[in-house]
Ligand SMILES: CC(C)(COP(=O)(O)OP(=O)(O)OC[C@H]1O[C@@H](n2cnc3c(N)ncnc32)[C@H](O)[C@@H]1OP(=O)(O)O)[C@@H](O)C(=O)NCCC(=O)NCCS
């Protein structure tokens, strides 16, 4: 069983239920299958296809991880990708580079599932902490990150398009038993 399957509580041979999310590594063909559309809805300055290609290429050397969340639709093949997220690994720290969910699929736990999978990978790769930047105006995202143990650690002035400030958030000690318990609680509440 992969670390992602383990963290999501699903074995490799168990087919997803009709409303179950399937979290999997991103492939280039996923970009036109929902990722770029979600990205355009999510950010004022969305990543281009070229940026995603470069990030996906860097998954080969293990310095990046990008995941998609797909929701099966009965009678419609593999369903559709409703969210994506990524991590950049730097020595023993992981940096969340992107997390976005299609507006039609928000507030149904998609970002939570993606964060659980990213956390599992960061822990598996022996990271001791993870970090991210979030727009001051993205209060919903800040709420999500707080649930995962992130706390504000500073401000990057005009980080976004030289206009909006970013809050830098960190979550330390992710190898501790207490952090595994926090993730288990989040997973159990889904
Ligand atoms: C932020 C974002 C990724 C959340 O995705 P999501 O799938 O809707 O999140 P979840 O359903 O897993 O939400 C988990 C919790 O986060 C908090 N949360 C998420 N969105 C929220 C919102 N708009 N307002 C308030 N709280 C919110 C809530 O506590 C929520 O739990 P609840 O629904 O039980 O109250 C999504 O709104 C998005 O793509 N936004 C645009 C891109 C963005 O801002 N990305 C973050 C960049 S740092």
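A few remarks follow.
- Residues (farther than 21 Å from residue 160 by Cα, in a loop (DSSP other than H, G, I, E, B) and more than 13 Å from the ligand (Cβ to nearest atom)) located in the stretch 24-66: 26, 27, 58, 59, 60, 61, 62, 63
- Among residues of the stretch 71-83 that are over 30 Å from residue 97 (Cα atoms), those with a beta-carbon under 6 Å from a residue that is modelled with pLDDT under 90 and more than 16 Å from the ligand (Cβ to nearest atom) at least six positions away or on a different chain give the pairs 74/18.
- For the stretch 84-132, the tally of residues that are within 23 Å of residue 159 (Cβ to Cβ) and assigned to a helix (DSSP H, G or I) stands at 5.
- Residue under evaluation residue 95, criteria (1) under 20 Å from residue 183 (Cα atoms); (2) crowded, with 16+ Cβ neighbours inside 10 Å; (3) touching a residue at least 60 places away in the same chain (Cβ under 8 Å), criterion not met: (3)
- Qualifying residue in the stretch 72-90 (condition: surrounded by fewer than 18 Cβ atoms within 10 Å (Cβ to Cβ) and in contact with a helix residue (DSSP H, G or I) (Cβ under 7 Å, 6 or more places away or on another chain)): no
- Across the stretch 104-124, the number of residues qualifying as surrounded by fewer than 17 Cβ atoms within 10 Å (Cβ to Cβ), under 24 Å from residue 34 (Cβ atoms) and more than 8 Å from the ligand (Cβ to nearest atom) comes to 1.
- So residue 181, is it at negative phi and part of a helix (DSSP H, G or I): yes
- Any hit, the stretch 125-134, residues being near the ligand (Cβ under 9 Å from one of its atoms), more than 15 Å from residue 39 (Cα to Cα) and crowded, with 19+ Cβ neighbours inside 10 Å: yes
- Residue 100 falls short on exactly one of the conditions (1) in contact with a strand residue (DSSP E or B) (Cβ under 9 Å, 6 or more places away or on another chain); (2) more than 26 Å from residue 35 (Cβ to Cβ), and that condition is (2).
- Considering the stretch 135-178, and only residues there that are farther than 19 Å from residue 107 by Cα and in contact (Cβ under 8 Å) with a residue 40 or more places away in the chain, the residue that is surrounded by the fewest Cβ atoms within 10 Å (Cβ to Cβ) turns out to be 161.
- Among the residues making up the stretch 133-177, a single one is assigned to a helix (DSSP H, G or I) and over 18 Å from the mean Cα position of the chain (by Cα): 177.
- Every listed requirement among (1) over 21 Å from residue 168 (Cβ atoms); (2) within 10 Å of the ligand (Cβ to nearest atom) is met by residue 96 save one, (1).
- Only one of 114, 118 that is in contact (Cβ under 8 Å) with a residue 24 or more places away in the chain and under 13 Å from residue 171 (Cβ atoms): 118
The values are calculated or read from the model by the stated rules, or taken from the named source; none is laboratory data. Owing to the predicted nature of the structure, the values given are computational and were not obtained by experimental measurement. Positions of Cβ are backbone-derived with ideal geometry, glycine not excepted, and every protein chain shown enters the neighbour counts.
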